[in-house]
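Undergrad: This is the structure, below, for whatever I ask next.
Every read-out reported here was derived from the displayed coordinates using simple, explicitly stated rules and does not represent laboratory data. Only a predicted model underlies this, so the values are computations on that prediction, with no experimental measurement involved. As a convention, Cβ positions derive from the backbone with ideal geometry for all residues, glycine included, and neighbour counts pool all protein chains shown.
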Amino acid sequence: MRGYALNVLSLLMLSLLLMLMMSSTASAALLERVLPVSVNIVTNQASSDLEIVADKSAFLVVYSSASQQFLPLDIPFKVRSISGLSVAYNLSLSELGGLCDGVTPLVPTPTLDGASIVINQQYRFTGIENAHVLTLSFPSLVQASLVQQCEGYAGVVAELTV
């Protein structure tokens, strides 16, 4: 079994190193910030069978002061057979977490292709090239009058099945 880790969002939820200056007023305006996302593919061993590809490296995350939370973030990626032949593989969410100001937990709820997923549980797929979307839905984050720094991560692993 060969494994590949896609570090999506700083490992996926990205250097959600986002500094938002949030006012303490009860405004319904949306604050928008572009967050740099780095996608790093880490392989346990070289393979000519399977790859994970992410077309985008920056995503827009919107904070809604009305709902006091970030709106869901969709992170699309593809799992592709390098040989061009159909392969069976498992996808799993290997890690997920986040913090604001180094203290307050900001752990999103993940879904893969619209279905709820659990950390370290494997989900089987077959194909030559399959598009997937990891969606992160965020918990409430109360506005503050000071700058808040938030960061998070998610890891997706694709493994060939035998």
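Undergrad: With the crude spin-label approximation of a point 7 Å out along Cα→Cβ, what separation in nm comes out for Val133 versus Ser94?
TA: Each label point lies 7 Å from its Cα, and together they span 2.5 nm.
Undergrad: Fully extended, how many nm does the chain gain between Thr161 and Leu71 (0.36 nm per residue separation, minus their Cα-Cα distance)? Write out the running numbers ahead of the final one.
TA: Numbers: separation 90, 0.36 × 90 = 32.40 nm, distance 3.48 nm.
Full extension from Thr161 to Leu71 adds 28.9 nm.
Undergrad: In whole Hz, what ³J(HN,Hα) sequence does the range 108-121 give by Karplus (6.51, -1.76, 1.60; θ = phi - 60°), x for Gly and Pro?
TA: Result, rounded to whole Hz: x, 9, x, 9, 10, 6, x, 10, 4, 10, 10, 4, 6, 8.
Undergrad: Another question, if that's okay. At what distance in angstrom do the alpha carbon centres of the range 141-162 and the range 57-104 lie from each other?
TA: 8 Å
Undergrad: Hey, another quick one. What distance in nm separates the simple spin-label points at Asp113 and Ser86, each placed 7 Å from Cα in the Cβ direction?
TA: 1.3 nm
Undergrad: What does the net charge come to around Tyr123 if you take all other residues with beta carbon closer than 12 Å to its beta carbon, with K and R at +1 and D and E at -1? If you can, show how the numbers build up before the last one.
TA: Working: positive: Arg124; negative: Asp113, Glu159.
Local net charge: -1.
Undergrad: While we're looking at this one, here's another question. Going highest first, how would you order 109-119, 135-145 by mean Cβ packing within 10 Å? Don't skip to the end; give the middle numbers.
TA: On the way: 109-119: 13.4, 135-145: 15.5.
In descending order of packing, they fall as 135-145, 109-119.
Undergrad: If you take the Cα Rg of the range 60-162 and divide it by 2.2 N^0.38 Å, with N the number of residues, what do you get? Can you show the working numbers first?
TA: Working: Rg = 16.4 Å, N = 103, 2.2 N^0.38 = 12.8 Å.
After normalising by residue count via 2.2 N^0.38 Å, the value is 1.28.
Undergrad: Something else now. Enumerate the amide H contacts of Gln69 below 5 Å, restricted to partners 5 or more residues apart or on another chain; note that Pro and chain-start residues carry no placed amide H.
TA: Residues meeting the amide H criterion: Ser64, Leu141.
Undergrad: Once the Cβ-Cβ distance between Thr126 and Leu60 is put in as r, and R0 is 45 Å, what FRET efficiency do you end up with, to the nearest 0.05? Let's see the in-between values first.
TA: Numbers: r = 32 Å, r/R0 = 0.72.
Calculated value: 0.90.
Undergrad: Okay, next question. Counting residues in the range 93-135 as N, plug N into 2.2 N^0.38 Å and put the Cα Rg over that result.
TA: Numbers: Rg = 13.3 Å, N = 43, 2.2 N^0.38 = 9.2 Å.
Working it through for the range 93-135, the quotient is 1.45.
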